[in-house]
There are 4 protein chains.
Amino acid sequence: MKRNNSNQAILLIHCPDQKGLITIITQFVWQHKGNIVDLDEHVEREDEVFFMRVQWELDGFDIPKDQIASTFQQEIADKYEMTWQLHFTDKCPRMAIFASKSAHCLYDLLSRYYSGDWQVEIPLIISNHDTHREIAEKYNIPFFRFEVDANNKEEIEKKQIKLLLDHQVDFIVLARYMQILSQDFINTFPNKVINIHHSFLPAFPGAKPYHQAHQRGVKIIGATSHYVTTDLDAGPIIEQDIVKISHKDSVKELVRKGQDLEKIVLSRAIWSHLQRKTLVFGNKTVVFE
Amino acid sequence: MKRNNSNQAILLIHCPDQKGLITIITQFVWQHKGNIVDLDEHVEREDEVFFMRVQWELDGFDIPKDQIASTFQQEIADKYEMTWQLHFTDKCPRMAIFASKSAHCLYDLLSRYYSGDWQVEIPLIISNHDTHREIAEKYNIPFFRFEVDANNKEEIEKKQIKLLLDHQVDFIVLARYMQILSQDFINTFPNKVINIHHSFLPAFPGAKPYHQAHQRGVKIIGATSHYVTTDLDAGPIIEQDIVKISHKDSVKELVRKGQDLEKIVLSRAIWSHLQRKTLVFGNKTVVFE
Amino acid sequence: MKRNNSNQAILLIHCPDQKGLITIITQFVWQHKGNIVDLDEHVEREDEVFFMRVQWELDGFDIPKDQIASTFQQEIADKYEMTWQLHFTDKCPRMAIFASKSAHCLYDLLSRYYSGDWQVEIPLIISNHDTHREIAEKYNIPFFRFEVDANNKEEIEKKQIKLLLDHQVDFIVLARYMQILSQDFINTFPNKVINIHHSFLPAFPGAKPYHQAHQRGVKIIGATSHYVTTDLDAGPIIEQDIVKISHKDSVKELVRKGQDLEKIVLSRAIWSHLQRKTLVFGNKTVVFE
Amino acid sequence: MKRNNSNQAILLIHCPDQKGLITIITQFVWQHKGNIVDLDEHVEREDEVFFMRVQWELDGFDIPKDQIASTFQQEIADKYEMTWQLHFTDKCPRMAIFASKSAHCLYDLLSRYYSGDWQVEIPLIISNHDTHREIAEKYNIPFFRFEVDANNKEEIEKKQIKLLLDHQVDFIVLARYMQILSQDFINTFPNKVINIHHSFLPAFPGAKPYHQAHQRGVKIIGATSHYVTTDLDAGPIIEQDIVKISHKDSVKELVRKGQDLEKIVLSRAIWSHLQRKTLVFGNKTVVFE
């Protein structure tokens, strides 16, 4: 069976749990002649919430693409109080990158983009420094610098938001961006800003986590990628990983070892987001595999 | 919603893939008033095989327990050429242990059993040495010693098989048992003998894997738990894990570090088997999470 | 060359860093005809502190065993302001275990002891419950129960300290012991009480760390073994490890997965302590490999 | 104390083990007024071979830089039959890269180079395809393409060797280079060619390891970086790491997950090589930390 990966639909759903939901949703796809290529579900027992991700081929599906949303809403979603998103795999997501001076995460994202490993557009890079203007130009990506200080922050953010909307970005990656975004900014892009924090959250939030880790004498350091909320370093976690260290490692060594961790953890989180495998509920994520 | 964990049914299914299978199977449970508490499925694209595990509460289910199998066969399985197993969570599995002289895996299993962490019966321990008779007696488990040599192997195995059948064992764990089982033995218990091999298979099969690993100068050692087939150390893998080593580690150190790995990997494999989360297909396993 | 592992000396040293220390210390052993079998050193650049562990064979060493300490003090330690400990490998350490109701860590320690994997004596087990009396008796280890409450805590601890001193214990392991020890108790056994905390410290200190982890939605859980100080869950860390989890894992699953982590992390920490490979400096450890 | 990292010497030594070697070597540095900043040693008990790495500051060292080698040879090395290398930290190593069509390892190396994370020169990139000419040019690195086939291989390699010697390369990295190098080539650069193999060697050597891994149904995949010898995929291992997989992962997913592993493992191996922390002995490595 030949698969047409570029013409598939993805539904991400959550709703109050009840009997029969899987049957009902899969039947919707089946009866309309869709072929399910991936399905995952989860029930959070504590809150009795049902989560589901279903992906199917649109070839032969008997609802026109632009009517799937409204049909699903009427036939199913209304009745079961579903919150849902519909995505199509032929749409290439547009990802904005925010960076400061650190290179490793930014370079890693650019490599994945430029080599074609990821199907993603990068319409612009925004930075508070000029450090990465040259590399952005090498990759032909528009680069915007905003010198942010305490006084102009509100005004700058307004410009940034306009720029992001003008470039029709789907989501934003903070690739070790060293400025704290305002509530207004975050609320403009809910569950659409992905950050990488260089510690194993909730340990060592805030500034200089490697210094904190060295000070505490931990034997493992970590990195955490999460959706940004207005609560600093406390948003829904998408991905974490760790590396073992020892008493021999200075702060400088922690930084060096941590950088590889940060770029891998960030890219795994973005990959899950790109595949539409993440669902935010409350302050937690469901990340389907 | 109060769950009755001790009165649930589990269906493990595989069959040729086709549209609608998830709907059809979940509908079977739903229409008979069962409440699904866990569902996982997988489609092996290469061979177009569909795998599914579904677990539901029997309270309120309108098919009597002893007729579920035949009803499922008639209503569903026949039509879709399904291979399937039905298990009930109120049945406590009976696990036989084979051991030689090594203590770590055996002791770990006994600890899990005796502390009540695992719902499992251990009707007997079989060994080719007397080393563990005392610990078996401490835990009140019948212990049988068979001195095996090249001449009496066939005869001994016949006695062992009889003993295992008499004790109605559901599956067998080789807890670092240092004898190779015959084809007859293995065929008597297909996909029911779980072994732990002290290497990262397929690297270093056969004897003395830690010596082989030291000789080769690897930087990581592993352990592999698998169902035993007549092809030595080549059966379907259930679980693997590794630990990092360095040039400093002598063979003795590899053995020491490896022991903790072996017991954890073996126990994870047994846990998956006990939860009925493993499905063997060809020489591979599907291990649902 | 045949090694006599059972007749070796171990020196653990720290002092202000200066040129030539390695030469001076190794020369002491060499000139007195000792054969160094293991040496590791570390310089903490920030504080300019030198750490060293050196182990040598006593066969042929020309200083009598009971005069090594005083000779080293006079020839070397005085001059370089060294803090040091001298240990002999023919002395079997005496380890007391404190436990509450959890079985997994206690059973794991008993298995290592009883199977002969560890050269250690266990002169007694102390508990605030009777849960493990039976297993202690199976292994012929004296078991003492003290019912602790807010009113009798001081008095009970005095009895426990007396018991520990009477049994000449070298160190104490808290194998998921659910009582907080007083400052007096801890100061009586400085850097001699090893705890296992069921989280990746400094994340989730205090009670119910798995509930905290589930609540926060982390993607990894951990365990931490540390020397106990009067600052709760904040003593020098000896060993940490982690296991990946997902949104599928309930608190109950975290507890189950965490137990294997806890017992392995605790036993690795004890192993390092038994090998005299740990040095505490400030609130951190040097753990030689 | 201020360190001068850019003016230090590194000695890598191995010789037959005997008493007093550490004293003798450290005394050499100390008496000539060098300050040791890092020292590590290892004794391979089986073969009775002593390994040591010592790094010291040259400021104040009383042997002129160009006479250290000859002085060490005369004063120490001759007497103890030492094999040794002397390196200076102010020398920036020159690394040639061989690549084929895969981008991930090459891009990762270029990122580390261009961002200044690594102190390394990349005098040239050699490839059998034109795929990466553009990226090489972006980074201003000379790019040479050689179309290799069965007939011209010997001739091409001669040209490549000349090119490498002309560019005074110190070592060569095969960044997923898909051609097998001849014995002549390898012997020209002994222990100076670093490869990344996309499996957990010795499992799955040769072609298509991810296909082999998928076929075998392993639950973990790995990557191995090693010095290239004339025995294919069997050279001394420098670094290995793994990532867990499941039955859900197609070969395509293994390739995707493996790529991140490959680039990290390769870069760790190169880092150790750049820090002069690797010593080859027989078919194994000592990799100091």
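Residues that are surrounded by 21 or more Cβ atoms within 10 Å (Cβ to Cβ) and not in a strand (DSSP E or B) within the range C:1-22 comprise C:L21, C:I22, listed in sequence order.
With respect to C:V169, determine if the residue is in contact (Cβ under 8 Å) with a residue 60 or more places away in the chain, away from chain B (no Cβ under 14 Å) and of a type in the set (A, V, I, L, M, F, W, C). Steps first, please.
Numbers: in contact (Cβ under 8 Å) with a residue 60 or more places away in the chain: yes; away from chain B (no Cβ under 14 Å): yes; of a type in the set (A, V, I, L, M, F, W, C): yes.
For C:V169, the condition - in contact (Cβ under 8 Å) with a residue 60 or more places away in the chain, away from chain B (no Cβ under 14 Å) and of a type in the set (A, V, I, L, M, F, W, C) - is met.
If you go through the range B:195-219 and keep only what is on the phi < 0 side of the Ramachandran plot, out of contact with any Pro (no Cβ under 8 Å at 6 or more places or on another chain), within 14 Å of another protein chain (Cβ to nearest Cβ) and not hydroxyl-bearing (S, T, Y), you end up with B:I196, B:F200, B:L201, B:P202, B:P205, B:P209, B:H211, B:Q212, B:A213, B:H214, B:Q215, B:K219. All conditions but one from (1) free of Cβ contacts under 8 Å to residues at least 40 places away in the same chain; (2) away from chain B (no Cβ under 14 Å) apply to A:E48; the one that does not is (2).
For the range D:67-87, a residue qualifies if it is part of a strand (DSSP E or B), touching a Leu at 6+ places or on another chain (Cβ under 8 Å) and either farther than 30 Å from D:F143 by Cβ or aliphatic (A, V, I, L, M) (or both), and the qualifying residues are D:W84, D:Q85, D:L86.
When the range B:240-263 is examined, which residues are found to be over 25 Å from the mean Cα position of the chain (by Cα), more than 24 Å from D:H197 (Cα to Cα) and assigned to a helix (DSSP H, G or I)? If you could, list the steps in order and put the result at the bottom.
The initial filter retains those residues of the range B:240-263 that are over 25 Å from the mean Cα position of the chain (by Cα), namely B:244-254.
Still in the running and more than 24 Å from D:H197 (Cα to Cα): B:250-253.
Matches in the range B:240-263: B:V251, B:K252, B:E253.
What number goes with the only condition from (1) surrounded by fewer than 17 Cβ atoms within 10 Å (Cβ to Cβ); (2) not in a loop (DSSP other than H, G, I, E, B) that D:Q119 does not pass? Result: D:Q119 fails condition (2) only. Inside the range D:129-153, residues that are more than 10 Å from chain A (Cβ to nearest Cβ), out of contact with any helix residue (DSSP H, G or I) (no Cβ under 6 Å at 6 or more places or on another chain) and over 21 Å from D:Q168 (Cα atoms) make up a count of 9. C:K19 passes every criterion in (1) within 14 Å of chain D (Cβ to nearest Cβ); (2) among the basic types (K, R); (3) more than 30 Å from A:H214 (Cβ to Cβ) apart from (3). Applying the condition of being among the β-branched types (V, I, T), over 25 Å from the mean Cα position of the chain (by Cα) and over 16 Å from A:E41 (Cβ atoms) to the range A:52-97 and asking which residue is surrounded by the most Cβ atoms within 10 Å (Cβ to Cβ) yields A:I63.
Within the range A:51-63, restricting attention to residues that are within 12 Å of chain B (Cβ to nearest Cβ) and assigned to a loop (DSSP other than H, G, I, E, B), the residue that is farthest from A:I76 (Cα to Cα) is A:G60.
When you scan the range C:127-239 for strands (runs of 3 or more DSSP E) that lie fully inside it, which ones turn up with 2 or more residues that are out of contact with any Ser or Thr (no Cβ under 8 Å at 6 or more places or on another chain) and surrounded by 15 or more Cβ atoms within 10 Å (Cβ to Cβ)? Before the answer, list the steps.
On the way: elements: C:143-145, C:171-175, C:193-197, C:220-227.
Result: C:171-175, C:220-227.
Only residues that are modelled with pLDDT under 95 and in contact with a strand residue (DSSP E or B) (Cβ under 8 Å, 6 or more places away or on another chain) were counted across the range C:207-233, and they come to 1. Scan the range A:267-289 for residues that are without any contact (Cβ under 8 Å) to a residue 60 or more places away in the chain and under 10 Å from A:E239 (Cβ atoms) and the total you get is 5. If only residues of the range D:23-43 that are buried (at least 18 other Cβ atoms within 10 Å of the Cβ) and out of contact with any strand residue (DSSP E or B) (no Cβ under 7 Å at 6 or more places or on another chain) are counted, the one that is nearest to B:K252 (Cα to Cα) is D:T23.
Looking only at residues of the range A:215-238 that are over 30 Å from C:K284 (Cα atoms) and among the hydrophobic types (A, V, I, L, M, F, W, C), we find that the one that is farthest from the chain's Cα centre (by Cα) is A:V228. No other residue among C:D66, C:D38, C:D78 is at pLDDT below 95, out of contact with any His (no Cβ under 9 Å at 6 or more places or on another chain) and farther than 19 Å from D:N35 by Cβ apart from C:D38.
Give D:Q259, D:Q275 a once-over and let me know the one that is within 20 Å of D:R53 (Cα to Cα), away from chain B (no Cβ under 11 Å) and not acidic (D, E).
On the way: D:Q259 fails: within 20 Å of D:R53 (Cα to Cα).
It is D:Q275.
Taken as a whole, the structure leaves B:S100 outside the set of residues that are surrounded by fewer than 22 Cβ atoms within 10 Å (Cβ to Cβ) and at the interface with chain C (Cβ under 10 Å from one of its Cβ atoms). If you check A:L266 against the conditions, is it in a helix (DSSP H, G or I), under 21 Å from A:R112 (Cβ atoms) and more than 9 Å from every other protein chain (Cβ to nearest Cβ)? Yes.
Among the residues of the range A:88-116, write down those that are assigned to a loop (DSSP other than H, G, I, E, B) and among the aliphatic types (A, V, I, L, M).
The initial filter retains those residues of the range A:88-116 that are assigned to a loop (DSSP other than H, G, I, E, B), namely A:89-93, A:100-103, A:115-116.
If the condition is that a residue be assigned to a loop (DSSP other than H, G, I, E, B) and among the aliphatic types (A, V, I, L, M), then A:A103 is the only one that fits.
Considering only residues of the range B:239-255 that are of a type in the set (V, I, T) and facing chain D (nearest Cβ under 9 Å), which is farthest from B:R276 (Cα to Cα)? Out of the qualifying residues, it is B:V251. Once the range A:227-238 is narrowed to residues that are more than 8 Å from chain C (Cβ to nearest Cβ) and touching a helix residue (DSSP H, G or I) at 6+ places or on another chain (Cβ under 8 Å), the residue that is nearest to A:C105 (Cα to Cα) is A:V228.
When we screen B:V37, B:V43 for residues that are in a strand (DSSP E or B), within 14 Å of chain C (Cβ to nearest Cβ) and without any contact (Cβ under 8 Å) to a residue 40 or more places away in the chain, the only hit is B:V37.
The values are calculated or read from the model by the stated rules, or taken from the named source; none is laboratory data. If you're wondering where the values come from, they're calculated on a predicted model, not measured in any experiment. Virtual Cβ from ideal backbone geometry, glycine too; neighbours counted across all protein chains shown.
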